[in-house]
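Undergrad: Take this structure first; my questions come after.
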Amino acid sequence: IRPISGRDVNEYTSYLVDGSIEIYAGSKNVTFCYDLSLQSGIANIEKRPITVKAKPVEKVYDGQAVQTETVMGGGEYWLVKDHYISYFELSHSCVNANVYNVTVLTDSVVIESLSEGEKTYNYDIKSDVSEIVVKQREITVKPKDAQKEYDGTPLFATEAEIVGSSTVLSNHYFEYLSNTSVNSITNVGEIDSILNEKSIKITDGIEDLT
C-alpha cells in the first residue's frame, strides 16, 4: 500500500501498487494464476474530540478582568503532542466582585503546533463550566473626629477616612454621605461616631461599586 501523505483531518485516497499482492497455495506462489485488478480505497482522518475549560481562579477585586488559562475538561482525549491552545475567550468578562460560572467560547479557540502552525480544524471542541470568583476588596472606614464649642445644634461627623493598609483603587472615588450618620451629639459630652452601610459610596465616576 502506498503511504498516505496527509496527517490532518481529511479524506485521503489509498491504493495498491503492482507487486504488493501475492497469493500462495501452501508455500507455492500462485499469483501468476490470477488476473489481479487493483482498486483504490479511502482513508479518513476524523476530528479529535476534546473538552476544554477555564482554569478556576479566585482573586480579590482589582478592577481588571480575570486572566486565566485553559485546562482539560471531562472527556477521553486532549491535545496531541506539541499542540497547544494559543488563544481563547470566556463567556463572561469577570471584573466586578461576584461568582461567575463561565465556559470557553469554543468558536474562539485557536490551537497551534510548535512546528506546523494552526491545527484548530483537526479538533471537535466542547467546553465544560468553570467557577471564577472575584472577592470583595476589604477596606476599613471610620468617621473623622469632630469637635466644637456648645451652640445648641447637633454635632456629627462630616468626613470619613480609610484607615489601616486598605485602599480603594487609584481610579475610584471615595465619598462620605454625612447626612446618613447614625448618631450625633448636641449637649456637652463625647460619643463614638458610628457609620451605617449607606454612609459610604465608592464609584468609578459612573458606576456605584460599593
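The values are calculated or read from the model by the stated rules, or taken from the named source; none is laboratory data. Note that the coordinates shown come from a computational prediction; the quantities given were computed from them, not determined experimentally. Positions of Cβ are backbone-derived with ideal geometry, glycine not excepted, and every protein chain shown enters the neighbour counts. Heavy atoms of the whole protein, side chains included, go into the accessibility calculation; ligands, DNA and RNA do not. Shrake-Rupley method; radii C 1.70, N 1.55, O 1.52, S 1.80 Å.
Undergrad: If you place +1 on the Cβ of every Lys and Arg and -1 on the Cβ of every Asp and Glu, how big does the dipole about the Cα centre of the chain come out, in debye to the nearest 20?
TA: With only Lys, Arg, Asp and Glu charged at Cβ, the dipole is about 600 debye.
Undergrad: Next question. Where the Cα atoms of the range 40-121 are projected onto their three principal axes, how long is each span, largest first, in whole Å?
TA: Rounded to whole Å, the extents work out to 62, 25, 19 Å.
Undergrad: In addition: List the lysines whose alpha-carbon lies under 29 Å from that of K119, not counting same-chain residues fewer than 8 positions away?
TA: By straight Cα distance, K119 reaches K47, K53, K55, K81.
Undergrad: Name the lysines eligible as straight-distance cross-link partners of K201: C-alpha to C-alpha under 26 Å, and not fewer than 8 places from it in the same chain.
TA: K59, K135, K142, K144
Undergrad: Shifting gears a bit: Using the C-alpha gyration tensor of the range 62-173, what are the square roots of 5 times its eigenvalues, in whole angstrom, with the largest one first?
TA: 53, 13, 10
Undergrad: Would you please classify the overall shape of the chain from the alpha carbon gyration tensor, given that a ≥ b ≥ c denote the square roots of the eigenvalues, rounded means a/c under 1.5, and beyond that prolate means a/b larger than b/c while oblate covers the rest? Write down the numbers at each step before the final one.
TA: Working: a/c = 6.86, a/b = 6.13, b/c = 1.12.
It comes out prolate by the Cα gyration axes.
Undergrad: Rank G41, Y61, V134 by how far each Cα sits towards the positive end of the charge dipole of the chain (+1 on Lys, Arg Cβ; -1 on Asp, Glu Cβ) and give me just the farthest.
TA: About the Cα centre, the residue reaching furthest to the positive side is G41.
Undergrad: Calculate, for the range 116-203, the solvent-accessible area per residue in square angstrom, rolling a 1.4 angstrom probe over the heavy atoms of the protein chains.
TA: Values: 6090 Å² over 88 residues.
Heavy-atom SASA per residue in the range 116-203 reads 69 Å².
Undergrad: Here's another thing I want to ask about it. On a full-extension model of 0.36 nm per residue, what is the gain between T13 and I162, subtracting their alpha-carbon distance, rounded to one decimal in nm? Don't jump to the answer; show the numbers that get you there.
TA: Details: separation 149, 0.36 × 149 = 53.64 nm, distance 7.35 nm.
Full extension from T13 to I162 adds 46.3 nm.
Undergrad: For a quick protection proxy, order the peptides 93-105, 141-153 by their average other-Cβ count within 10 Å, most packed first. Don't jump to the answer; show the numbers that get you there.
TA: Details: 93-105: 15.7, 141-153: 10.8.
Final packing ranking: 93-105, 141-153.
Undergrad: Return one whole number: the accessible area per residue of the range 1-109 in Å², for a 1.4 Å probe.
TA: 71 Å²
Undergrad: While we're here: For a Förster distance of 25 Å, can you work out the FRET efficiency between the beta-carbons of Y77 and V99, rounded to the nearest 0.05?
TA: 0.25
Undergrad: Going by accessible area, probe 1.4 Å, with all protein chains left in place, what is the ranking of D192, D35, largest first?
TA: Numbers: D192 125, D35 150 Å².
Descending order: D35, D192.
Undergrad: Need one value: the accessible area of K55 in square angstrom, 1.4 angstrom probe, rounded to the nearest 10.
TA: In the full protein context, K55 sits at about 90 Å².
Undergrad: At a 1.4 Å probe, what is the % contribution of carbon and sulfur to the accessible area of the chain?
TA: Looking at the chain in its full context, I get 46 percent from C and S.
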